[in-house]
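Here is the structure we will look at, set down as structure tokens.
The values are calculated or read from the model by the stated rules, or taken from the named source; none is laboratory data. Quantities reported herein were computed from a predicted structural model and do not represent experimental measurements. Cβ coordinates were reconstructed from backbone atoms using ideal geometry, including for glycine residues, and neighbour counts include every protein chain displayed. Areas reflect the complete protein model, heavy atoms only, side chains present, ligands, DNA and RNA absent. Shrake-Rupley method; radii C 1.70, N 1.55, O 1.52, S 1.80 Å.
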Amino acid sequence: MSFKGLIYIGLFGLCAIGALFLPQLGIYAYIADYCISPGGQWWGAPFAAMGLRGSFTLAAATLVGMILHFNRLKYGKKFLSAQERWLLVFLAFVWILFWISPETAGRYTTHDHPSVKLTKIFVFVLMMTHVLTDVRKLNGLFWVLSTVSLFLGVKAWETPYSRFVRGRLEGIGGPDFAEANFFAAFMAAMLPIIAIQFLRSKSWMLRLYALVCGAFTANAVILCRSRGAFLGLVAGAFASVWFAPQKLRKKVLVLLLVGVVGGVYLTDRTFIERIMTITTDQGTMDESSSSRIELWKAGGRMFLRNPVGIGPGNWYQTIGRYIPEYEGKDSHNTFVKCAVELGAAGFFLFLLLIFLSYRNLRRIERDLAADHSEEANDFRQYFFAMVVSMAILLTCALTITMIYTEILWVVLMLPLCLRRVHDNAVLERGGPEPA
């Protein structure tokens, strides 16, 4: 067995057993397994051949650990917050549409149907929001995300150019990141999380580690040549300036400047030429961009004809009726696909969940307004990382379809984790019980 294989099976076993005693270990391992997809690597193939379902095993162990230590879970007065209740309403609506819509054909024969996949995703994020409820656990998750970004960044750096597809990095990471745009969106959304770990760390070794994580992550984004990720980073830069805590504003501006200089140094002519094709003039767009405009227009017509929704997963079998030459093509827009497949009600629920996520962040910011303690500065930094990461990912969602991808829902539910972490911190120092 290879050295990587031994490390993987050792860490997997440690986290699976450890999750029975410390459920957060199961959460960390599940996210790492999702991001790096060890079953798709040669060193993980033997375990996949044994029928070992990594994510299922870790989720099951985490659930058992939560049951065993239920009294220690600090989720607040209510087991389900407003955001979690609406999340379940959204899932129930998806299943209702699944049962009343035409059968999905020819697309999900080897992968989970979107309704099934969303169910699995929501079970995990609900476990996450009930386990990561103190600052140490949340900090641990941020380091896990930084580490898997470094792992993927190094793998991207090691990939020879001969394996690139049309000059773009493809097939790195988990199943949700097989296509360059998805991988670039994920890595771009991790940059503010890595940046805040750099700023929060007191140790120079941790700062150096975060710096290395950020460098390899940024390089991977550039290798993907993704225009959507570039627009996401631009949105993230504006969000960074707008939401930067007062005490961090100068440091954030310096980091942005260093990031821009480093990005320019890492770019090549292929990347610049692709970014220069971004335009709003459809007459001068390349085929890839103009086809997306046509797909979005067709999506608008599909929505007007079917305001109730055509059903989850049914875009691919329906788009050919509106644009025959694009039969089987994706929508390349999260919001368009959500509106078309889930209808007006599903689209409203999706926007409501985004709003509730942002509202949790704003409430934390409001509660911290008059608090100048060191602990409050920690929460401001987490707030900053989450809101910028959301801005990047939701901007990327304008050009790629992420409604059924796990990382979108993890990022949208992290603010609830932070809300519970903050409420628990207030209670521990003897403050008033949060409303």
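Descriptive notes on the structure:
- Put simply, of PHE182, PHE198 the only residue that is in contact (Cβ under 8 Å) with a residue 24 or more places away in the chain and under 18 Å from the mean Cα position of the chain (by Cα) is PHE182.
- For region 371-430, the set of residues classified as outside any helix (DSSP H, G or I) and not aliphatic (A, V, I, L, M) consists of ASP371, HIS372, SER373, THR399, THR401, TYR404, THR405, ARG429, GLY430, listed by residue number.
- Those residues of region 210-237 which are of a type in the set (Phe, Trp, Tyr) and touching a residue at least 60 places away in the same chain (Cβ under 8 Å), in sequence order: PHE216
- Single residue of GLY311, GLY299 found to be under 26 Å from the mean Cα position of the chain (by Cα) and part of a loop (DSSP other than H, G, I, E, B): GLY311
- Here is the figure for region 80-115: residues that are assigned to a loop (DSSP other than H, G, I, E, B) and either on the phi > 0 side of the Ramachandran plot or at pLDDT 90 or above (or both) total 3.
- Residue within region 241-251 that is on the phi < 0 side of the Ramachandran plot, at pLDDT below 80 and open to solvent by less than 70 Å² (accessible area, probe 1.4 Å) present: yes
- Residues (open to solvent by 50 Å² or more (accessible area, probe 1.4 Å) and of a type in the set (Ser, Thr, Tyr)) located in region 131-187: THR147, TYR161, SER162
- Condition met for LYS329 (among the charged types (D, E, K, R), modelled with pLDDT of 85 or more, open to solvent by less than 80 Å² (accessible area, probe 1.4 Å) and over 20 Å from PHE98 (Cα atoms)): yes
- Conditions (1) under 21 Å from ARG168 (Cβ atoms); (2) at pLDDT 65 or above: number failed by THR279: (2)
- Qualifying residue in region 284-292 (condition: at pLDDT 85 or above, within 27 Å of the chain's Cα centre (by Cα) and surrounded by 14 or more Cβ atoms within 10 Å (Cβ to Cβ)): no
- Taking region 71-103 as the range and being of a type in the set (Val, Ile, Thr) and in contact (Cβ under 8 Å) with a residue 24 or more places away in the chain as the test, the residues that pass are VAL89, VAL94, ILE100.
- Search result, residues across region 201-220 that are over 22 Å from the mean Cα position of the chain (by Cα) and open to solvent by less than 30 Å² (accessible area, probe 1.4 Å): SER201
- Neighbours by Cβ (under 6 Å, 6+ apart or cross-chain): first from region 340-369, on the phi > 0 side of the Ramachandran plot and assigned to a helix (DSSP H, G or I); second open to solvent by 10 Å² or more (accessible area, probe 1.4 Å) and among the acidic types (Asp, Glu): none
- Residue identified as of a type outside the set (Asp, Glu), open to solvent by less than 20 Å² (accessible area, probe 1.4 Å) and at pLDDT below 90 among ALA425, ALA339: ALA425
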